[in-house]
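Here's the structure, in structure tokens; my notes come after.
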Amino acid sequence: MPDATAPSLALRAELAGLDASAPPQQNDIDGWLIRLSPGKAKRSRCINALRQGSLPLDELLARCQRAFDAAGLPLAVRVTPWSQPADLDAHLAAKGWGAFDAADVLLLDAITPDPAPAALQALDAPAYAALVGALRGSTATAIAAHAERIAGAPVTYQGFSLNDAQGQLLACGQMVVAGDLVGLYDIASAVPRQGHGERLCRALLALAHAQGARQAYLQVGSDNDVAQRLYARLGFAFAYRYHYRSPEAVLT
């Protein structure tokens, strides 16, 4: 459940994250937001059960299944503390749907900008998607879908690389500023365990602060101990956890 000390910020982060990850291929089925992007990010190819509609659960799931089948994608539901109906996770578990890819949403209650942040190189959407996709071994289809999603999202995308003096990539990441809240996304290091990811994040937070952001959020795998320690050093604290469920084998 969300941290009781900051429930409003946790919910704001959840809603901001939905905006930041919105693909063009999405629709509403009886209060559930379905996303059908062919990209790699699961949050852009899943169901977000935002509201409890009028359909029985089995009928609603069947309608969603048909939409995902038509898109050639495996059906997956993203389960958060706000999913509706409130016992959705228990219902899906009782059906034998497996849970996977638990992720933690972390919050930074007050951004203290680095007085001398590292210099970053701004990248347009195609260049950024290609860069992070190469680091992750993404397919050409997934890279194109990523570029399409971040370029067309309802909030402004900003992607950057951190390079050495010779112009070689050290790390990259993107941010989305919405009012006084910034989300950090797709933080990736080309040279792991050398502190470049932390330098990148500090520079992103300083830049976001200059644009009016005062609080921040990000999402990280619950079992990603290295990243969890990095974000703890930056002052981020646990807010809530979400996971996915699917009637199929664990999705990649």
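The values are calculated or read from the model by the stated rules, or taken from the named source; none is laboratory data. The structure displayed is predicted, hence computed values, not measured ones. Cβ: placed from backbone, ideal geometry, glycine included. Neighbour counts: every protein chain shown.
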- Query: Which one of the conditions (1) within 21 Å of residue 18 (Cβ to Cβ); (2) part of a helix (DSSP H, G or I) does residue 220 fail to meet, given that it meets all the rest?
  - Reply: (2)
- Where residue 120 falls short, out of the listed (1) surrounded by fewer than 18 Cβ atoms within 10 Å (Cβ to Cβ); (2) over 19 Å from the mean Cα position of the chain (by Cα): (1)
- Query: Within segment 191-209, can one find any residue that is closer than 22 Å to residue 133 by Cβ, touching a residue at least 60 places away in the same chain (Cβ under 8 Å) and part of a strand (DSSP E or B)?
  - Reply: no
- Of all residues in segment 99-127, which are touching a Ser or Thr at 6+ places or on another chain (Cβ under 8 Å) and not acidic (Asp, Glu)? 100, 102, 103, 120, 121, 123
- Pull up segment 133-165, narrow it to residues that are modelled with pLDDT of 95 or more and polar (S, T, N, Q), then point me to the one that is surrounded by the fewest Cβ atoms within 10 Å (Cβ to Cβ). 163
- Residue list for segment 92-146, restricted to those being of a type in the set (Asp, Glu) and closer than 24 Å to residue 38 by Cα: 101, 104, 124
- Considering residues of segment 27-61 that are more than 16 Å from the chain's Cα centre (by Cα) and of a type in the set (S, T, N, Q) only, the residue surrounded by the fewest Cβ atoms within 10 Å (Cβ to Cβ): 54
- Item | Condition met for residue 239 (under 22 Å from residue 117 (Cβ atoms) and either surrounded by 13 or more Cβ atoms within 10 Å (Cβ to Cβ) or assigned by TED's automatic domain parsing to the domain that holds residue 43 (or both)) | no
- Task: Exactly one condition in (1) under 17 Å from the mean Cα position of the chain (by Cα); (2) part of a helix (DSSP H, G or I) is not met by residue 158; state its number.
- Result: (2)
- Message: So for segment 175-183 (the condition being free of Cβ contacts under 8 Å to residues at least 24 places away in the same chain and either closer than 28 Å to residue 81 by Cβ or assigned by TED's automatic domain parsing to the domain that holds residue 205 (or both)), does at least one residue qualify?
- Response: no
